[in-house]
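What follows is a short report on a single structure.
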Amino acid sequence: MRVSQFFISTLKEAPSEAELVSHRLMLRAGYIKKLASGLYSWMPLGLRVLRKVEAVVREEMNRSGGIELLMPAVQPAELWQETGRWEVFGPQMLKIKDRHDNLFCFGPTHEEVITDIARREVKSYRQLPLNFYQIQTKFRDEVRPRFGVMRAREFVMKDAYSFHTSFDSLEQTYRVMYDTYSRIFTRLGLQFRAVAADTGAIGGSGSHEFHVLADSGEDALAFCPSSDYAANVELAEAVAPQVEPAAHLETMVKTITPGQKSIEEVSIFLNVTPQQVLKSIAVIAGDGGFALLLLRGDHTLNEVKASKVLGEFRFATDDEIQRNMGCRPGYIGPINSQVRMFIDRAAAALSNFVCGANDDGFHYTGVNFGRDIHLDEANVHDIRNVITGDPSPDGKGTLELCRGIEVGHIFQLRTKYSEALKATYLDEKGQAQTMEMGCYGIGVSRIVAAAIEQNNDERGITLPVAMAPFQVAIAPIGIRKSEAVRNAAERLYADLSAAGFEVLLDDRDERPGVMFADLELIGIPHRIVIGERSLKEGKVEYQGRRDSAAQAVALQDILKLVQSRLCN
C-alpha cells in the first residue's frame, strides 16, 4: 500500500478528554475518530488492526468446531420478556419502537436470540452438541462511556453459544473454548492470564475471564506464582487465617477517641495497627433489614462476595446508622448491638482488638469474641478482598496481585436460558430434555485498545506484528528529488510485496522527521529507510520498532533480514 493511495490522519496531540494511553494513541494515530459519546468511527488504519484480530478469532473458532452465523442486531422485546431480562438488564439496554409501536432493543448480547434458534431448529439428541458463533456489533448504553473503545457504547464482539445433551458434554466444549481462547491471545502476541471469575448478570455455574495484563487495567487479579491458581479478586477466596488463641485476654475498656473516626485515625490515636481494629460497615439488606458487616481494619469489603451472603444490599445512610445504632458513623460497633452481623473470617480470628463503642467519640479496646461479642460460626463468611501475601486457596504458596483488562469471558450457562425459553430436544427414548448451554465472548474491538495499553512507548504504538496495520514500512528520503531513491524504493516495495509481506511505502514528499514520527506513532514493526547517501554504498537503514538504534544493511540482504525478523 502506498501512502498516497491510502489515508493516514495523525495528530500531534490527543484531545484533553482522552485519559488512557490507548485512547490517546488511537486518536493520535488516526485509528479511530469520535462521532459522539461512546461512538467511534474505525478509520482505515484502525480497521486493518481490527480485521486482523477478527481473522485470528475466526480461524481459531473454526478450528475448534465453531459454526459461524450472523444474528440481527435489533431484537424483539418478547424474547427478553420470556427470560425475564427485559426489565432486569436495566438502562444499559437501548430500547426502541418500530412504526407499528412494537418494542425492540439494540442487542447488548444474544442469549435469547440464539436459544430461540435452537428451540426452533434442534429436535433430536443426534444434532447435538452444537457451537454457534458470530462476530457482530453490540450496543450497551454505558452510563459514562470512557477510555475510547475500551468502554464504548457500540463495540464489536465475538459471541458463541453451545448446546448440549449433558453437563459432561458442556464441560468438554468449555475446555475446548478455554484452549481456543488461549491460542487466540497467544497468536495475537499478548501477555494474558485466564482467571476464575464470577458469573455476574449472565448467570450460570462457572466462568473464566481472560485478561490482558496492564497496569491501567480496571480489574484486580489474584494469582499464585508457584501454582496455576488465578482468579478475579471479586471471586478469589480469602482463606481463613490459622492463628493461635491469644495467651492473655486484655480487659475491655471504653476509651475516649474524640474526632477519631477512620481506621487510620483510630490506629494512630490508640497506637495500634489497623490489623487490630475491627471495621463495622452498616448496610441495608435486600429485605430492608439493617445489618453490620465486620472486617479487619486493613481489609476491604468484597461486594460480590457480600451479595452472595446478603443478597442485594446497599450501604446505610447516616440517618439510618444514627437511628439503628444511636451514634454517628465512625463510632459504630458490635458490642451490645441487637442488629444482624456478618463477620469476615479474618475478623473472627482477632483478639484484643479495637472497635466502635456506639457512642460518639468513644471506642472499646481489649475486645474479644466469645467473651464480649457472641460469635456464631454460621455468621462467619468470606466477605473481603484478598491482599498480597494471603495464602493461596490451593495451598501451594501465597497470592500476588496484578491488574488486567478483561477481553474474554466464558460461561457454563447450564439451563438458565433453555429452561426459560423451553429449548428442548428428544433423547434416545423420545423424551423431551432441556438443553445444557455454554456462552463464550471476546471483545474484539476491546482487544485493540488493550493491546495498545500493553504495547506502547514514548513514540507511539508498538503492536505485535500479528496485529500491526502493516508489517513493514519503507521510508524513502527525497523520493521526488532522487531517481535512485525512487527506483530502489519501488523495487524493494515490489520484492517485499511479492514475498507476501504487508508493506506501506511512504511516498509522500515529507521531511524524514515527519515520516519517522508518523510510522513510529502508528506502530509498524519494521522500518527500512532508503537515502541517496547510503545507496551509494549499496546499503539501506533497517530499524525494528522496539530497537534502540538503526543498522546499515546491504541492499541485497534486506529482504532476507526482514524475512528472518518476521519469522522470529
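Just so you know, all these numbers are worked out from the coordinates, no wet-lab data involved. Keep in mind that this is a model prediction, so the values were computed, not measured. Reconstructed Cβ throughout: ideal geometry from the backbone, glycine too, with neighbour counts over all protein chains shown.
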Treating only the Cα positions of region 118-166 as identical point scatterers, give the base-10 log of I(q)/I(0) from the Debye formula at each q in 0.28, 0.33 Å⁻¹. -1.02, -1.18
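Add +1 for every Lys or Arg and -1 for every Asp or Glu among the other residues with Cβ under 10 Å from the Cβ of C355, and state the total. Before the final figure, lay out each step's value.
Working: positive: K279; negative: D372.
So the surrounding residues net to 0.
At 222 nm, what value in deg cm²/dmol follows for the chain if DSSP H runs of at least 4 each add -39500 (n - 2.57) and the sum is divided by all its residues, to the nearest 500? List each step's numbers first, then the result.
Working: 16 runs with 157 residues, N = 568.
Here the helix-only value at 222 nm equals -8000 deg cm²/dmol.
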Per-selection metrics, region 470-567 (Cα): Rg and Dmax in Å: 12.1, 35
Could you list, bin by bin from short to long, the percent of Cα-Cα pairs of the chain in 20 Å steps? 17, 39, 31, 11, 1
Region 1-62 - convex hull of alpha carbons, volume per residue in Å³: 112 Å³
So what are the ³J(HN,Hα) numbers for region 481-491, from phi and the Karplus equation (6.51, -1.76, 1.60; θ = phi - 60°), rounded to whole Hz, Gly and Pro as x? 9, 10, 5, 5, 5, 5, 5, 5, 5, 5, 5
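Could you tell me which of rounded, prolate or oblate describes region 149-279, using a ≥ b ≥ c as the square roots of the eigenvalues of the alpha-carbon gyration tensor, with rounded for a/c under 1.5 and, failing that, prolate when a/b is larger than b/c and oblate otherwise?
Details: a/c = 2.86, a/b = 2.19, b/c = 1.30.
Taking the square roots of the gyration eigenvalues as a ≥ b ≥ c, region 149-279 is prolate.
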Final fewest-first order of L399, L566, L39 on the 10 Å Cβ neighbour count is L39, L566, L399
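Where Rh is the Kirkwood radius over the Cα pairs of region 289-364, the temperature 10 °C and the viscosity 1.306 mPa s, what D in µm²/s does Stokes-Einstein return? Kindly include the intermediate steps, with their values, before the conclusion.
Numbers: Rh = 13.2 Å.
Rounded, D is 120 µm²/s.
Arrange C224, C567 by Cβ neighbour counts within 10 Å, fewest through most, would you?
Values: C224 21, C567 6.
Listed from fewest to most nearby Cβ atoms, that is C567, C224.
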State which stretch of the chain is the longest one without any exposed trypsin sites (Lys or Arg not before Pro), exposure meaning a DSSP loop state and at most 14 other Cβ atoms within 10 Å. 124-370
Those GluC sites (Glu not before Pro) in region 294-382 that DSSP places in a loop and that have at most 15 other beta carbons within 10 Å: E312
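What is the local net charge at F132, summed over the other residues whose Cβ is closer than 15 Å to its Cβ (Lys, Arg +1; Asp, Glu -1)? Could you put the intermediate results ahead of the total?
On the way: positive: R58, R119, R120, K158; negative: E68, E111, E112, D116, E121, D159, E436.
For residues surrounding F132, the net value is -3.
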Can you give me the long-range amide H partners of R296? Hydrogens built in the peptide plane at 1.01 Å from N, cutoff under 5 Å, separation of 5 or more residues or another chain. K279, A347
Just to confirm a number: summing +1 for Lys and Arg and -1 for Asp and Glu over residues other than V3 whose beta-carbon lies under 12 angstrom from that of V3, what do you get? -3
Taking the Cα atoms only, what angle lies between the long axis of helix 167-187 and the longest principal axis of the chain, rounded to 10 degrees? 50 degrees
Among C567, H299, M61, the residue whose Cα sits farthest towards the positive end of the charge dipole of the chain (+1 at Cβ of Lys and Arg, -1 at Cβ of Asp and Glu, taken about the Cα centre) is C567
Would you please classify the overall shape of region 259-317 from the alpha carbon gyration tensor, given that a ≥ b ≥ c denote the square roots of the eigenvalues, rounded means a/c under 1.5, and beyond that prolate means a/b larger than b/c while oblate covers the rest? prolate
Please report, for the Cα atoms of region 253-381, the Rg to one decimal and the Dmax as a whole number; what are they, in angstrom? 13.5, 39
Debye intensity ratio I(q)/I(0), log10, region 1-111, q values 0.14 Å⁻¹ (C-alpha model): -0.89
